[in-house]
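So the structure is just underneath, and the comments pick up after that.
The values are calculated or read from the model by the stated rules, or taken from the named source; none is laboratory data. Values in this document were obtained by computation on a predicted structure and should not be read as measured data. A quick note on method: Cβ atoms are made from the backbone with ideal geometry, for glycine too, and the neighbour counts reach across all protein chains shown.
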Amino acid sequence: MTAGVYCNRQVVITGPDTTISEVAKLMREYHVGNLIVAEKQGDKNVPLGIITDRDLVLLVLAPQISVDSVSVKDVMSSPLVTVKEELGLFDTLDVMHKHGMRRLPVVNERGGLEGIITADDVLGVLAEATNSLMKLTNNEIKHEQETRS
């Protein structure tokens with residue numbers, strides 16, 4: 001169970017100079033609440049930061065800053081915390097907890113973006129595992145009852 005196995009590999013990326021208006025349009029178009037800010041380095045996208053819908057509200061809209069006067073690099077979360085795709089799921093959770101982050105970009109050994117893992121992704125995995133344990137327990141009880149009858 002690693003971050004690379006459970007991350008979402010369908011990631012919407014943008015550059016650091018993208019306007020806030022364009023960010024909002026991308027979030028709407030792709031139905032996402034965050035974009036990974038990355039730059040192309042050779043054949044890989046290297047993540048630089050992350051911008052969320054919450055960042056837009058708290059850092060641009062609430063203080064009534066003109067969306068045309070700032071770009072992604074002005075409001076993105078940086079320095080960016082990432083996890084390597086081979087990192088275990090529980091270790092990934094520890095990183096999220098330590099840094100107070102619900103979303104982490106997942107990178108390969110060369111630092112290239114592979115996907116994003118969220119707290120919701122981890123909850124889904126844990127829910128499936130819990131459900132499997134419940135089925136196991138129920139099957140064990142059923143098996144005991146059948147063999148003792």
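Residues in the range 62-86 that are among the hydrophobic types (A, V, I, L, M, F, W, C) and surrounded by 13 or more Cβ atoms within 10 Å (Cβ to Cβ): 65, 67, 70, 72, 75, 76, 80, 81, 83. I want to confirm something. Restricting to the range 18-76 and keeping residues that are among the hydroxyl-bearing types (Ser, Thr, Tyr) and assigned to a helix (DSSP H, G or I), which single residue is nearest to residue 103 (Cα to Cα)? It comes out as 30. Within the range 108-131, the set of residues being aliphatic (A, V, I, L, M) and outside any helix (DSSP H, G or I) comprises 113, 116, 117.
The residue of the range 111-128 that is surrounded by the most Cβ atoms within 10 Å (Cβ to Cβ), among those that are in contact with a strand residue (DSSP E or B) (Cβ under 6 Å, 6 or more places away or on another chain) and either of a type outside the set (A, V, I, L, M, F, W, C) or farther than 17 Å from residue 37 by Cα (or both), is 114. With respect to the conditions (1) more than 24 Å from residue 125 (Cβ to Cβ); (2) in contact (Cβ under 8 Å) with a residue 24 or more places away in the chain, residue 6 falls short on a single one, namely (1). If residue 70 satisfies every condition in (1) over 20 Å from the mean Cα position of the chain (by Cα); (2) without any contact (Cβ under 8 Å) to a residue 12 or more places away in the chain but one, which is the exception? Among (1) over 20 Å from the mean Cα position of the chain (by Cα); (2) without any contact (Cβ under 8 Å) to a residue 12 or more places away in the chain, residue 70 violates only (2). Residues of the range 88-106 that are farther than 17 Å from residue 36 by Cα, out of contact with any Ser or Thr (no Cβ under 7 Å at 6 or more places or on another chain) and hydrophobic (A, V, I, L, M, F, W, C): 90, 93, 95. Could you please find all residues in the range 1-17 being part of a loop (DSSP other than H, G, I, E, B) and over 23 Å from residue 40 (Cβ atoms)? Once the filter is applied, which keeps residues that are part of a loop (DSSP other than H, G, I, E, B) and over 23 Å from residue 40 (Cβ atoms), the range 1-17 yields only 1.
Restricting to the range 87-103, and then to whatever is free of Cβ contacts under 8 Å to residues at least 24 places away in the same chain and of a type in the set (Lys, Arg), can you tell me which residue is surrounded by the fewest Cβ atoms within 10 Å (Cβ to Cβ)? So the residue we want is 98. Within the range 77-107, being in a loop (DSSP other than H, G, I, E, B), in contact with a strand residue (DSSP E or B) (Cβ under 7 Å, 6 or more places away or on another chain) and of a type outside the set (Lys, Arg) holds for 78, 80, 81, 82, 85, 86, 87. Every test in (1) of a type in the set (A, V, I, L, M); (2) surrounded by 15 or more Cβ atoms within 10 Å (Cβ to Cβ); (3) at pLDDT below 95 is passed by residue 106 save one, and that test is (3).
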